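To start, the structure itself, in structure tokens.
The values are calculated or read from the model by the stated rules, or taken from the named source; none is laboratory data. Remember, it's a predicted structure, so these values are computed and weren't measured experimentally. Cβ sites come from the backbone with ideal geometry, for glycine too, and all protein chains shown count toward neighbours. Remember, those area values only see protein heavy atoms, side chains included, never the ligands or the DNA or RNA. Shrake-Rupley method; radii C 1.70, N 1.55, O 1.52, S 1.80 Å.
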Amino acid sequence: IGPSGRYIGVDVITESIAWCQENIEAREPNATFIHLDVRTPMYNPSGALDVTAVELPAADRSIDRVIMQSVFTHMLPPAVEHYLDELARILKPDGRVFASIFLLEPSSLALARSQPDRLTFEYDQSDGWAVCDQSNPEGAVGYSRAALARLLARRGLVLDQPVHLGSWCGRSGVPDGQDIAILRPASRWQRALQRLSRRALKITVA
């Protein structure tokens, strides 16, 4: 990031942030680590904040790059929607987001279900998303391609390139375990198309 750049790290796990503050922030003046006291059953059950109340610690249109590794893979739709809103707020027009996801492609699900000890996402929750464990839904959450497109369109975001499929389902020869989506703010004409698509959907449903 160079001498003039800045790195902001956030996490819901207190111990992780404390370690980064002690071992990185103490010797890197342009790095800041902030604990988000978000309530999640898996990682921070006693957190004070509901996930939909989180505000990422960055000004509007100020961020060049965001890395979200294994974040959306543990989020239910309302949380994903809120974080996408926050990403749309903080990203510069030419900003990018690296986000790992579980994309529920038919080929990926078929491959996973043909092998032992894989994430199978057998509990369909309707509207294009599914979980692996109903008693712990945030353990692993996956989204269909249509659901992902719908979530992005409502927040004025688009895929910058095709989703890079990972090895979570047993796929070989790929560098990442989870699927990787590179996101960016939609251009003016893409936002116009997204609005038209939403209107067309409302008319069709009506």
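Taken as Cα centroids, the range 115-149 and the range 13-68 sit 26 Å apart, rounded to the nearest whole angstrom. Divide the volume of the convex hull around the Cα atoms of the range 106-152 by the residue count and you get 73 Å³ per residue. The C-alpha atoms of the range 1-115 occupy a region whose extents along the principal axes are 49, 37, 28 Å, arranged from largest to smallest. The charge dipole of the chain, taken about its Cα centre with unit charges on the Cβ atoms of Lys, Arg (+1), Asp and Glu (-1) only, comes to about 1200 debye. Taking only the C-alpha atoms of the range 80-122, Rg followed by Dmax gives 15.6, 44 Å. Per residue, the chain exposes an accessible area of 57 Å² to a 1.4 Å probe, with every protein chain left in place.
With contacts taken as Cα pairs under 8 Å at a separation of at least 6 residues, the range 102-142 carries a relative contact order of 31 percent.
Ratio of Rg to Rh for the range 126-182: 1.00 [Cα atoms; Kirkwood radius as inverse mean 1/r over pairs]. Based on DSSP H segments of at least four residues, each scored -39500 (n - 2.57), the chain has a per-residue ellipticity at 222 nm of -8500 deg cm²/dmol. Rounded to the nearest whole Hz, the Karplus-based 3J(HN,Hα) values (6.51 cos²θ - 1.76 cosθ + 1.60, θ = phi - 60°) of the range 147-161 follow the sequence 5, 4, 4, 5, 5, 5, 4, 5, 10, x, 10, 9, 6, 7, 7, with x at glycine and proline.
Summarising the amide proton neighbourhood of GLY9: residues at separation of 5 or more, or on other chains, whose placed amide H is nearer than 5 Å comprise THR32, PHE33, ILE34.
Taking GluC sites (Glu not before Pro) across the range 21-69, the ones in a DSSP loop with at most 14 further Cβ atoms lying within 10 angstrom of their Cβ are GLU55. Looking only at the range 46-65, which residues have a backbone nitrogen under 17 Å from a spot 7 Å from the Cα of GLN21 in the C-beta direction? Inside the label zone: 47-49, 57. Length gained on full extension, ARG188 to LEU159, computed as 0.36 nm times the residue gap minus the Cα-Cα distance: 9.0 nm. For the chain, relative contact order (Cα pairs under 8 Å, six or more residues apart, normalised by length) works out to 16 percent.
Set against the labelled values [x] 59, 40, 26; [y] 51, 45, 38; [z] 44, 37, 35, Cα extents along the principal axes in Å computed from this structure falls on [y]. Mean sequence separation of contacting Cα pairs (under 8 Å, at least six apart), scaled by the length of the range 1-70, corresponds to a relative contact order of 26 percent.
This model, with +1 at the C-beta of Lys and Arg and -1 at the C-beta of Asp and Glu, gives the range 1-66 a dipole about its Cα centre of some 160 debye. Full extension of the chain segment joining GLN125 with TYR43 gains 27.3 nm, where the gain is 0.36 nm per residue of separation less the Cα-Cα distance. Estimated from the Cβ-Cβ distance and a Förster radius of 35 angstrom, the FRET efficiency linking LEU76 and ILE34 is about 0.90.
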